[in-house]
Amino acid sequence: MLLLLSVLILLTQPLGYLEEEVKTCSQNTVINGCTLVMCGSVKNDPIEGIISLRQQVEALQRQVQYLQATFTQYKKAELFPNGRGIGEKIFKTGGFENSFKDAQKVCEQAGGQLASPRSAAENAALRELVSTQNKSAFLSMTDIKTEGKFIYPTGEPLVYSNWQRGEPNNHGGEENCVEIFTSGKWNDQNCNKQRLVVCEF
Ligand SMILES: *[C@@H]1O[C@H](CO)[C@@H](O)[C@H](O)[C@H]1NC(C)=O
Ligand SMILES: [Ca+2]
Ligand SMILES: [Ca+2]
């Protein structure tokens, strides 16, 4: 990730900065992704300039390929064993349980939010995680604001749900949070219960 960032930062520098960094090098330059090596330099001769630019583009392509492969490798390692990636979303659990309020705080402090599956595919990825942990987990959505109307932390109404039959039932008049069972089905649950913390990023 840092590697990717540093290349992006270099790429967004003005051209003058890059030209200062330009080095001449052979076509067999070893690309290791740690250094942004620009082959050749932009000369006054337009043909030479084009050839030089093409070499630079090819070098960048090799570096991007290297970074993509490295990123994929790190993502796999990072998600083992307590995370799941689905599309651009990552679910990750710390393996511990908390009340809804504390779970929400943990995820916010980590720069994410509580798990909010918005499709059957996301719900299936989350189900894998909670069934591996063998614990029900809190989702981000609540009907604290208006009883019976579940919303995301943004206030947006649900775009997907997977309620267990007979749920949500607001049992005892005090179920305003949502848990996902190891089956993947949802139940409205008391927010003070302790449930597995799963954040999404
Ligand atoms: C899962 O947890 C329940 C109790 O919550 C327990 O009875 C059961 O044995 C556990 N299953 C596994 C595979 O650990
Ligand atoms: Ca409720
Ligand atoms: Ca319920």
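Are any residues in segment 154-201 touching a Leu at 6+ places or on another chain (Cβ under 8 Å) and assigned to a loop (DSSP other than H, G, I, E, B), and if so, which ones?
Correct list: GLY184 only.
For segment 84-141, which positions are touching an Asp or Glu at 6+ places or on another chain (Cβ under 8 Å), farther than 13 Å from PHE201 by Cα and open to solvent by 60 Å² or more (accessible area, probe 1.4 Å)?
Answer for segment 84-141, where residues must be touching an Asp or Glu at 6+ places or on another chain (Cβ under 8 Å), farther than 13 Å from PHE201 by Cα and open to solvent by 60 Å² or more (accessible area, probe 1.4 Å): just LYS135.
Under the condition of being of a type in the set (S, T, N, Q) and at pLDDT below 95, which residue from segment 39-60 is surrounded by the most Cβ atoms within 10 Å (Cβ to Cβ)? Break it down into steps so the answer makes sense when it comes.
We begin by selecting, within segment 39-60, every residue of a type in the set (S, T, N, Q); these are 41, 44, 52, 55-56.
Keeping just the survivors that are at pLDDT below 95 gives 41, 44.
Values: SER41: 14, ASN44: 6.
Of everything passing the filter in segment 39-60, SER41 is surrounded by the most Cβ atoms within 10 Å (Cβ to Cβ).
Could you go through segment 146-165 and let me know if any residue there is within 12 Å of ligand 3 (Cβ to nearest atom) and of a type in the set (Asp, Glu).
no
Any chance you could count how many residues in segment 61-73 are open to solvent by less than 70 Å² (accessible area, probe 1.4 Å) and either at positive phi or without any contact (Cβ under 8 Å) to a residue 40 or more places away in the chain (or both)?
1
Yes/no matrix, rows are residues, columns are (1) of a type in the set (Ser, Thr, Tyr); (2) closer than 24 Å to PHE80 by Cβ; (3) part of a loop (DSSP other than H, G, I, E, B):
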| residue | (1), (2), (3) |
| --- | --- |
| GLN104 | no, no, no |
| CYS107 | no, yes, no |
| GLY111 | no, yes, yes |
| GLU122 | no, yes, no |
| LEU126 | no, yes, no |
| LEU129 | no, yes, no |
| MET141 | no, no, no |
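Looking at THR132, THR146, THR142, which is the one that is under 22 Å from THR93 (Cα atoms), modelled with pLDDT of 95 or more, among the polar types (S, T, N, Q) and near ligand 2 (Cβ under 10 Å from one of its atoms)?
Values: THR132 fails: near ligand 2 (Cβ under 10 Å from one of its atoms); THR146 fails: under 22 Å from THR93 (Cα atoms).
After ruling out the rest, the residue left standing is THR142.
Could you count how many residues in segment 163-201 are closer than 18 Å to ILE151 by Cβ and surrounded by 18 or more Cβ atoms within 10 Å (Cβ to Cβ)?
14
Can you tell me which of LYS101, LYS135 is in contact with a Leu (Cβ under 9 Å, 6 or more places away or on another chain) and either among the acidic types (Asp, Glu) or away from ligand 3 (no atom under 12 Å from the Cβ) (or both)? Show your work before the answer.
Details: LYS101 fails: in contact with a Leu (Cβ under 9 Å, 6 or more places away or on another chain).
Only one candidate qualifies: LYS135.
Which one is farthest from ALA103 (Cα to Cα), of the residues in segment 173-191 that are more than 28 Å from the chain's Cα centre (by Cα) and touching a residue at least 12 places away in the same chain (Cβ under 8 Å)? Talk me through it step by step, then tell me what you get.
Keep residues of segment 173-191 that are more than 28 Å from the chain's Cα centre (by Cα), which gives 173-175, 190.
Restricting the remaining residues to those that are touching a residue at least 12 places away in the same chain (Cβ under 8 Å) gives 174-175, 190.
Working: GLU174: 18, GLU175: 16, ASN190: 13 Å.
My answer is GLU174.
Could you please give the count of residues in segment 74-83 that are loosely packed, with under 15 Cβ neighbours inside 10 Å and either of a type in the set (A, V, I, L, M, F, W, C) or under 25 Å from PHE150 (Cα atoms) (or both)? Break it down into steps so the answer makes sense when it comes.
Residues of segment 74-83 loosely packed, with under 15 Cβ neighbours inside 10 Å: 74-78, 80-81.
Next, only the ones that are either of a type in the set (A, V, I, L, M, F, W, C) or under 25 Å from PHE150 (Cα atoms) (or both) stay: 77, 80.
Number satisfying all stated conditions: 2.
The values are calculated or read from the model by the stated rules, or taken from the named source; none is laboratory data. Just so we're clear, the structure is a prediction, and the values are computed from it rather than from any experiment. Glycine gets a Cβ as well: all are built from the backbone with ideal geometry, and neighbour counts include every protein chain shown. These area figures cover heavy atoms from the full protein model, side chains too; ligands, DNA and RNA do not enter into them. Shrake-Rupley method; radii C 1.70, N 1.55, O 1.52, S 1.80 Å.
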